[in-house]
Amino acid sequence: MSGASLDLNGYDFAIFGNANIAGALRAGGAERLVYLGGALDFTGGGAITAASSTVIIGGAGAQTINLAGK
């Protein structure tokens, strides 16, 4: 949902498959964002606010990631 936010509060966050991120993912520490799968799209206004976070991208097939200039 556009304008929504998810504070990770020390928890890792994993996406398995396609995702359209329209709100904010906010990390406050060393959380990991794990993406394994199809298409990840931030063009609907989505954003990642990282502290000391790690983003892991993997999977067996091709992935498409659009960070929308973020």
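The values are calculated or read from the model by the stated rules, or taken from the named source; none is laboratory data. The shown structure was predicted, so the numbers you read here are calculated from the model rather than taken from an experiment. Backbone-built Cβ (ideal geometry, glycine too); neighbour counts: all protein chains shown. For the accessible areas, the whole protein counts, side chains as well, though only heavy atoms, and no ligand, DNA or RNA atoms are used. Shrake-Rupley method; radii C 1.70, N 1.55, O 1.52, S 1.80 Å.
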For Thr49, distant residues with modelled amide H under 5 Å away: Leu25, Arg26, Ala27
Relative packing of peptides 4-17, 28-41, 52-65 - highest average C-beta neighbours within 10 Å first: 28-41, 4-17, 52-65
Structure-derived Cα extents along the principal axes in Å: which label, when the choices are [x] 31, 23, 19; [y] 50, 20, 16; [z] 62, 21, 11: [x]
Heavy-atom accessible surface of the chain: percent carbon and sulfur, 1.4 Å: 54
Residues of the chain: accessible area per residue with a 1.4 Å probe, Å²: 61
Gain on full stretching of the segment that runs from Ser5 to Gln63 - 0.36 nm per residue minus C-alpha separation: 18.5 nm
